[in-house]
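A quick write-up on the structure given underneath.
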Amino acid sequence: MDYIWSAWEYIRWFGKPPLKQPWRDVPWGRRRENLQRVKDYQPHSEAQHLRVLLHGPPGSGKSSFINSVDSALRGKTTTRALAATAYDCSFTNTYNSFRIQRDRPGSHYPLVFSDTMGIERGSGTGAEVNEIKLILEGRIREGFKFNSGSPPSAQFYNANPTINDKVHVLVCVIPASMLDLMDERSFRKIKDVRDDASELGIPQVAILTKIDEACNVVQYSLQYVYRSYWLKKQMEKVSVMTGIPMHCIFPVRNYSSEIETDDDMDSLILSAMRKIIDYGEDFLNDQCAAGDDGTQEIALNQNMEHA
Ligand SMILES: Nc1nc2c(ncn2[C@@H]2O[C@H](COP(=O)(O)OP(=O)(O)OP(=O)(O)O)[C@@H](O)[C@H]2O)c(=O)[nH]1
Ligand SMILES: [Mg+2]
């Protein structure tokens, strides 16, 4: 049976009292529905899949988020996108994409996760903003080594990217436990990537990871995630520092040491994934309606102005 905290015990252990009501609709009761929605997802446009690009500081949990979505969908913990244990420099150093296998071997969900090297604060270390811009445009092929100091060779440069090569949603992964240690230069780089994505019209979402390491309340029970005053403040900080609106920021706890899946962890992961799919699907539909250069959309807007 779950232990129920009395108010004074709670304050003694965790400092500030939890909020009386969760400040956002909690996804606990919608795990099955969200799981089904993500499993049933099929792009309605001519694109074969939805491509999600993950970026953020080294060790923030980018590769772990891919594994966590894989685990939530397959009902068992997986480690296909290799995650690291060290934090000082980036573990992922090549550009790789992952697809999630369906129950039948050889068949995949129409979701592609592109994993990048961590964005480090200085230049000459970590993924560079211009390299990520090329990925957003679909111009870099898999296997490209980040930060090699030179532009991609012909082998890794895609001169004619199709809608399937381009990125459809940009996800910024930020660790709640390290947020206060991140400096202005790291946020500058994150903002620069976001500006590039905005120019291309790509929707952006932020994932706040390691909420269990950062917040005692959440470590005790993930169900307190939207009742923790501290975590709400951290999410507001992410919003201010990156410019991503609050309704596009999602706290998740990635699978890291667990050997079995957990309903509460799955609920947060799937609720974030559902939103990522919704935003990406809108973008894909707009792109396909507009044609590659956006002319049809402009023509449509002009017609409306003259109507
Ligand atoms: N407790 C906890 N640990 C996490 C969480 N997310 C990731 N980790 C751990 O953090 C470490 C780094 O995670 P990665 O997924 O490798 O991070 P990354 O962003 O891919 O890192 P680079 O590829 O080096 O840029 C690993 O040991 C993970 O197990 C989380 O939500 N909670
Ligand atoms: Mg990684």
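A short reminder: the numbers here are calculations on the coordinates, not readings from a lab. Note that the coordinates shown come from a computational prediction; the quantities given were computed from them, not determined experimentally. Note that each Cβ is placed from the backbone with ideal geometry, even for glycine, and that neighbours are counted across all protein chains shown.
Results, tabulated for the structure shown:
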{"item": "Order of SER71, SER257, SER198 under a 10 Å beta carbon neighbour criterion, fewest first", "result": "SER257, SER198, SER71"}
{"item": "Förster-model FRET efficiency, 25 Å R0, LYS237 and ASN216, C-beta, rounded to 0.05", "result": "0.85"}
{"item": "Proximal aspartates and glutamates to LYS232, defined as alpha-carbon separation beneath 17 angstrom and excluding residues fewer than eight positions away on the same chain", "result": "ASP25, ASP180, ASP212, GLU213"}
{"item": "Region 18-306: relative contact order in percent, alpha carbon pairs under 8 Å with at least 6 residues between", "result": "24 percent"}
{"item": "Only Lys, Arg (+1) and Asp, Glu (-1) charged, at Cβ; region 18-306 dipole about Cα centre in debye", "result": "700 debye"}
{"item": "Label-point separation in nm, ASN285 to ASP40, each point 7 Å along Cα→Cβ", "result": "1.6 nm"}
{"item": "Packing-based exposure ordering (other Cβ within 10 Å, fewest first) of CYS215, CYS248", "result": "CYS248, CYS215"}
{"item": "Candidate aspartates and glutamates for bridging to LYS76, where Cα separation is under 18 Å - those fewer than 8 sequence places away on the same chain excluded", "result": "ASP103, GLU258, GLU260, ASP262, ASP263, ASP264, ASP266"}
{"item": "Distance between modelled label sites at ARG99 and ARG185, nm, 7 Å Cα→Cβ extension", "result": "4.0 nm"}
{"item": "Residues TYR224, TYR229 arranged by fewest to most Cβ contacts within 10 Å", "result": "TYR229, TYR224"}
{"item": "Cα convex hull of region 18-306 - mean projected area over all directions, nm²", "result": "16.2 nm²"}
{"item": "Built amide H within the under 5 Å cut-off of ARG51, gap 5+", "result": "VAL112, HIS168, VAL169"}
{"item": "Region 199-241, Rg to Rh (Cα coordinates; Rh as Kirkwood inverse mean 1/r)", "result": "1.10"}
